[in-house]
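These notes are about the structure you will find just below.
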Amino acid sequence: MNRQRQREFDLIAGNRLSKLKPGIERHVALGHIHSITLRNKFKRMGLSGSHIDSALQMVDEIGIQKTLNNQSIGVKFSTMQKAKTKPRIWNSK
Amino acid sequence: MNILKPLKNEFPPSIVNLLLKEGQRWESQNQWYEALGTGIIAIIGSARSGKTSLAYSMIDYVIHHSNRPIILDSFPQKVIDEGIPDHWKGRVSNKSFTEIATINEPALWLVDDTGAHFNSRSALETNNKILSRSAGILSHFGGGMTVIFTTQSLSAIDLSFLRFTTIAPCVRWVDEDVIHSERKEWIGEVKHGNYLLSQVSKDVRRRDYFYSTKDKCLVKSNFPEFLKKENNPIKADLMSRPMRYHKLEDKQRMIGVKEQKKKRVKDE
């Protein structure tokens, strides 16, 4: 199976997974396994608060970056945050 | 019926550039331009997407802001006599594109539903041969002519319209299942235009805007007063679907139906 065909199937599979109720969370879909185990550990220990959220965010970001490392530069750029652009309308202020 | 004069910069520069007469100047967004006055404005859109009404808006603009004569290609005389708004009278005539060499004025032509007159499948017909020869020298005839043509797909029309001179394509709503059959050179622009239209338009057939590919922007599309059925339903229909008012033989000639030869019956 060539690469392009594999990507098409990946896209279809990804699209179907996103529609599963209630959908897969970002840290599960793109993050590292540590994002899940650490959440579980904090939950068992009954820990919560802003410092816990920061730790989870860091682990999530490391995991996502690890996933993106295998992607092309175009995919990496397309994941960057940017303002939604509106179409240009002639004579509108 | 109130006749509102369109603003001089109602359309973006690439369109005004072709609508005004050669050398006419206009200001738009603090910049002065000088009109080229010759070229082709292509309006692409599915049936009932407002192609003809946009073409009429452009003609109305020309009526108000220039003294160019208007020629409605192969329009029925009934439409010229009874359909056109009063302020167009004296400026509009109906001639066939085959007569282009006889016109010695910087006319603006409207060729409505080009697929019927200049179909890409009839490349060797007289109309298409005249078109392919004249498209490149539009600027020479009558001091520079402009042609507005409307079509449902650029695949259906003769390539001569797109090979020569300056063109300013305008994209209206195209049915999403029809876009796949668009010419490969234009499919990207048509798809992009339709995507942008879907972002801003609330109308089912996106008739409140069109996309100017040369200016890379959407343009608000005003529906002409004389096309509103509330004002005059008969005139509105005459202008909205003019080809309906052709005689039967003219309609048959347009779509290429020829009368079958009568079979000779031998006397017994």
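So how much slack lies between B:Gln77 and B:Asp177, counting 0.36 nm per residue of separation and subtracting their Cα-Cα distance, in nm? Intermediate values should be presented prior to the final figure.
Working: separation 100, 0.36 × 100 = 36.00 nm, distance 3.61 nm.
Between B:Gln77 and B:Asp177, full extension yields 32.4 nm more.
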Check: Among rounded, prolate and oblate, which fits chain A when a ≥ b ≥ c are the square roots of the eigenvalues of its C-alpha gyration tensor, a/c under 1.5 means rounded, and a/b larger than b/c means prolate?
Finding: oblate
Notebook entry, point to check: By Kyte-Doolittle mean hydropathy of at least -1.0 and Cα axial length of at least 15 Å, which whole DSSP H helices of chain B are selected?
Noted result: B:51-65, B:187-200
Check: Helix-derived [θ] at 222 nm for chain B: sum -39500 (n - 2.57) over DSSP H runs of at least 4, divide by residue count, nearest 500?
Finding: -7000 deg cm²/dmol
Next item on the list: Could you tell me which of rounded, prolate or oblate describes chain B, using a ≥ b ≥ c as the square roots of the eigenvalues of the alpha-carbon gyration tensor, with rounded for a/c under 1.5 and, failing that, prolate when a/b is larger than b/c and oblate otherwise?
Entry: rounded
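Add +1 for every Lys or Arg and -1 for every Asp or Glu among the other residues with Cβ under 13 Å from the Cβ of B:Leu227, and state the total.
Details: positive: B:Arg48, B:Lys51, B:Arg207, B:Lys228, B:Lys229, B:Lys235, B:Arg241; negative: B:Asp60, B:Glu225, B:Glu230, B:Asp237.
Here the count lands on +3.
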Notebook entry, point to check: If each of B:Gln252 and A:Gln71 carries a label point 7 Å out from its Cα toward its Cβ, how far apart are those two points in nm?
Noted result: 6.3
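Considering only DSSP beta bridges whose two residues both sit in chain B, what percent are antiparallel, to the nearest 5? Don't skip to the answer; put the middle values down first.
Details: 11 of 29 bridges.
Taking every DSSP beta bridge within chain B, about 40 percent pair in antiparallel fashion.
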Item checked: Taking B:Leu108, B:Leu238 and counting other C-beta atoms within 10 Å, the order from fewest to most -> B:Leu238, B:Leu108
Next item on the list: Counting other beta carbons within 10 Å of each Cβ, put B:Arg244, B:Arg206, A:Arg39, A:Arg16 in order, fewest first.
Entry: A:Arg16, B:Arg244, A:Arg39, B:Arg206
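Go through B:Lys5/B:Lys235; B:Lys21/B:Lys202; B:Lys51/B:Lys89; B:Lys89/B:Lys235; B:Lys51/B:Lys184 and tell me which ones have a Cα-Cα distance over 24 Å in this structure.
Working: B:Lys5/B:Lys235 20 Å; B:Lys21/B:Lys202 35 Å; B:Lys51/B:Lys89 22 Å; B:Lys89/B:Lys235 14 Å; B:Lys51/B:Lys184 21 Å.
Where the Cα-Cα span goes over 24 Å, the pairs concerned are B:Lys21/B:Lys202.
Within chain A, which DSSP H helices have Cα atoms that stretch 15 Å or more along the helix axis and a mean Kyte-Doolittle hydropathy of at least 1.6?
Values: long enough: A:3-19 (24 Å, -1.41); A:33-45 (19 Å, -0.58); A:50-68 (26 Å, 0.09).
None clear 15 Å together with a mean of 1.6.
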Notebook entry, point to check: Measuring from label point to label point, each 7 Å out along Cα→Cβ, what is the B:Ala47 to B:Thr102 span in nm?
Noted result: 3.3
Checklist line | Residue-averaged beta-carbon neighbours from other chains (10 angstrom radius) around A:79-90 | finding: 4
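Counting partner chain Cβ atoms within 10 Å of every residue's Cβ in B:215-225, what's the average? Please list the in-between numbers first.
Details: counts 2, 2, 6, 6, 5, 4, 0, 0, 0, 0, 0.
Shielding by partners across B:215-225 averages 2.
Mind sorting B:Ser96, B:Ser155 by how few other Cβ atoms lie within 10 Å of their own Cβ, fewest first?
Numbers: B:Ser96 12, B:Ser155 16.
Going from sparsest to densest Cβ surroundings: B:Ser96, B:Ser155.
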Item checked: GNM top mover of A:Gln81, A:Gln65, A:Gln57 - chain A, alpha-carbon springs below 10 Å -> A:Gln81
Next item on the list: Would you tally the net charge around B:Leu20, using a Cβ to Cβ cut-off of less than 11 Å, leaving B:Leu20 out, and scoring K and R as +1, D and E as -1?
Entry: +2
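Would you mind classifying the protein assembly as shown by shape? Square roots of the alpha carbon gyration tensor eigenvalues, ordered a ≥ b ≥ c; an a/c under 1.5 is rounded, otherwise it is prolate if a/b is larger than b/c and oblate if not. Let's see the in-between values first.
On the way: a/c = 2.72, a/b = 2.02, b/c = 1.35.
Cα axes put the protein assembly as shown in the prolate bin.
Taken together, the values in this text are just the output of simple stated rules run on the coordinates, not laboratory data. Everything numeric in this text was worked out from a predicted model, so none of it was measured. Using ideal geometry, Cβ is built from the backbone for each residue, glycine included, and neighbour counts are taken over all protein chains shown.
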